[in-house]
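Read through the structure below, which is laid out as structure tokens, and then see the notes.
The values are calculated or read from the model by the stated rules, or taken from the named source; none is laboratory data. Quick caveat, the model's predicted, so the values are computed rather than measured. A quick note on method: Cβ atoms are made from the backbone with ideal geometry, for glycine too, and the neighbour counts reach across all protein chains shown.
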Amino acid sequence: MDINGFQLVNLSKVNRVIQGDTGEHGELKGGLGEEKAKEHPELVLAYYDRLGGLVTKDGNKVKMGAFWDFVKQVPRETPKVTFEYRTEDGATYQFESDEPMEVKADKISKAKRKAKKVKKDDVDEES
């Protein structure tokens, strides 16, 4: 699901935010409701973040707590978006806007390796 350019990866958590959780007797409790979710998509982001749902943007993971203030236990008035990226060698980078050069280089390296693997698989199939 895409909200304001952010991808919410876990659809079951999105459904819990909108429709609520199953209560003690099997009824749904809580949840924003369809209408409120459509009117206030930023609340869907905040409550999804509260549940620990994976949020990405442009292929980069958004650090948990960007939309939900865990100290005050309320949605953030202004999101505090920090991206996290882990390279193949295990290094972790956090950044707020432009990707660091190391992240760009790692993505290029991954794409090249993937392209080589695809070419190798195509050659193997022709043999």
Residues satisfying the stated conditions in the stretch 1-51, i.e. hydroxyl-bearing (Ser, Thr, Tyr) and within 17 Å of the chain's Cα centre (by Cα): 12, 47, 48
Total residues in the stretch 56-103, condition of a type in the set (Ser, Thr, Tyr), surrounded by 13 or more Cβ atoms within 10 Å (Cβ to Cβ) and either touching a strand residue (DSSP E or B) at 6+ places or on another chain (Cβ under 6 Å) or in contact (Cβ under 8 Å) with a residue 40 or more places away in the chain (or both): 4
Selection status of residue 88, modelled with pLDDT under 90, within 16 Å of residue 7 (Cα to Cα), out of contact with any His (no Cβ under 7 Å at 6 or more places or on another chain) and not in a helix (DSSP H, G or I): no
Pairs with Cβ under 7 Å, 6+ apart, first in the stretch 1-30 and in a loop (DSSP other than H, G, I, E, B), second polar (S, T, N, Q): 9/56
Count of residues meeting criterion [under 29 Å from residue 104 (Cα atoms) and assigned to a strand (DSSP E or B)] in the stretch 31-76: 7
Residue in the stretch 60-69 that is at pLDDT below 85 and touching a Ser or Thr at 6+ places or on another chain (Cβ under 6 Å) present: no
Contacts under 9 angstrom Cβ, first residue in the stretch 40-55 being farther than 11 Å from residue 16 by Cα and touching a residue at least 40 places away in the same chain (Cβ under 8 Å), partner of a type in the set (D, E, K, R) and outside any helix (DSSP H, G or I), 6 or more apart: 54/61; 55/61; 55/63
Verdict on residue 116 being out of contact with any Leu (no Cβ under 8 Å at 6 or more places or on another chain), closer than 29 Å to residue 46 by Cα, modelled with pLDDT under 80 and outside any loop (DSSP other than H, G, I, E, B): no
